[in-house]
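Q: First, the structure itself, so that you have it in front of you.
The values are calculated or read from the model by the stated rules, or taken from the named source; none is laboratory data. Keep in mind that this is a model prediction, so the values were computed, not measured. Because the Cβ atoms are built from the backbone with ideal geometry, glycine has one as well, and the counts that use them run over all protein chains shown.
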Amino acid sequence: MRTIETEKESLKPLVEYTKELGEDVLVFTSNKQPIAAMLPLRNVDKESLALSCHPDFIELIEKVRAEFEAGKTLSLEKMKNEVKRMEGKS
């Protein structure tokens, strides 16, 4: 990850940064606080990008991570059984 402090560095046109990006993430900061990021989108569709930034999706991911850290997990076998049980209800 590369960081550019907007007050300290002379900024180039954005297109120049895209040419240099490669596989790296470029973070623009102001007063050492991140304000924007530029990242490569090779093999990423617009829908996945939009979903990954949606507040509801981020909230869901945070909830699941907290459950995982709390030990609330299922084995693959238990998950398969649960899916079979739910399919039987339909």
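Q: Scan the range 4-47 for residues that are polar (S, T, N, Q) and at pLDDT below 90 and report the count. Give the derivation first.
A: Quick first cut of the range 4-47, residues polar (S, T, N, Q) only: 6, 10, 18, 29-31, 33, 43.
Those still in the list that are at pLDDT below 90 too: 6, 10, 18, 43.
Residues flagged as polar (S, T, N, Q) and at pLDDT below 90 within the range 4-47 amount to 4.
Q: Pairs under 7 Å by beta carbon, first residue closer than 21 Å to Arg2 by Cβ in the range 31-56, partner part of a loop (DSSP other than H, G, I, E, B) and at pLDDT 90 or above, six or more apart or different chains?
A: Every condition considered, the pairs that remain are Ala37/Val25; Leu39/Val25.
Q: If a residue counts only when it is in contact with an Asp or Glu (Cβ under 9 Å, 6 or more places away or on another chain) and surrounded by 10 or more Cβ atoms within 10 Å (Cβ to Cβ), which strands (runs of 3 or more DSSP E) contained entirely in the chain have at least 2 such residues?
A: The qualifying strands (runs of 3 or more DSSP E) are 26-30.
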